[in-house]
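Peer 1: Questions regarding the structure given below will be posed in turn.
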Amino acid sequence: MPREYDEKRDFIRITVDSDIKFSLAGSGQEENGKVTNLSGRGMMFIADRSLVVEDRVEVRIHPENDVTPPLHANVRVVRVNKLRHADGYEIGAVIQEILDD
């Protein structure tokens, strides 16, 4: 089936609804959020507080089912948007390094 749009990304985004734990690099203070999409290069997640573009963040995603494997990675924040119709922030991040548990 032909696509009716031009995909400008190297990797297709996959919509997900999974919990994420994240902490600023070196802080050791873990926070909770919700992942909304993933790709081979990055992710989007919702957090209660704002982060700053270029922040380095360690993330852990443990899906509720076994279909998707867990992810432990260092990411770099590339976009932060205040949610319009809810409290919180939408955080766009690029995966910098996949970590072993």
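Values quoted throughout were computed directly from the atomic coordinates according to the rules given, and no laboratory measurement underlies them. Bear in mind the structure is a predicted one, so any value in this text is a computation, not a measurement. Glycine also receives a Cβ, built like all others from the backbone with ideal geometry; neighbour counts cover every protein chain displayed.
Peer 1: Taking the Cβ of GLN96 as the centre, find all other residues whose Cβ is under 11 Å away and add up their charges (Lys, Arg: +1; Asp, Glu: -1).
Peer 2: Spelling it out: positives minus negatives among the neighbours equals +1.
Peer 1: Oh, and also: Which is farthest toward the positive dipole end of the stretch 14-98 among MET43, PRO69, PHE22, measuring Cα position about the Cα centre, with Cβ charges +1 (Lys, Arg) and -1 (Asp, Glu)?
Peer 2: Farthest towards the positive pole: MET43.
Peer 1: Could you check the spin-label model distance between ILE98 and VAL53? Points 7 Å from the Cα along Cα→Cβ, value in nm.
Peer 2: 2.9
Peer 1: Same structure, new question: In the Gaussian network model of the chain, springs joining C-alpha atoms below 10 Å, which of SER18, SER50, SER27 carries the largest mean-square fluctuation?
Peer 2: The residue with the greatest mean-square fluctuation here is SER27.
Peer 1: So what are the ³J(HN,Hα) numbers for the stretch 17-23, from phi and the Karplus equation (6.51, -1.76, 1.60; θ = phi - 60°), rounded to whole Hz, Gly and Pro as x?
Peer 2: My calculation for the stretch 17-23 gives 9, 9, 6, 9, 10, 9, 8 Hz in order.
Peer 1: Modelling each spin label as a point 7 Å along the Cα-to-Cβ direction, I'd like the ASN74/GLU31 distance in nm, to one decimal.
Peer 2: Inter-label distance under the simple model: 2.0 nm.
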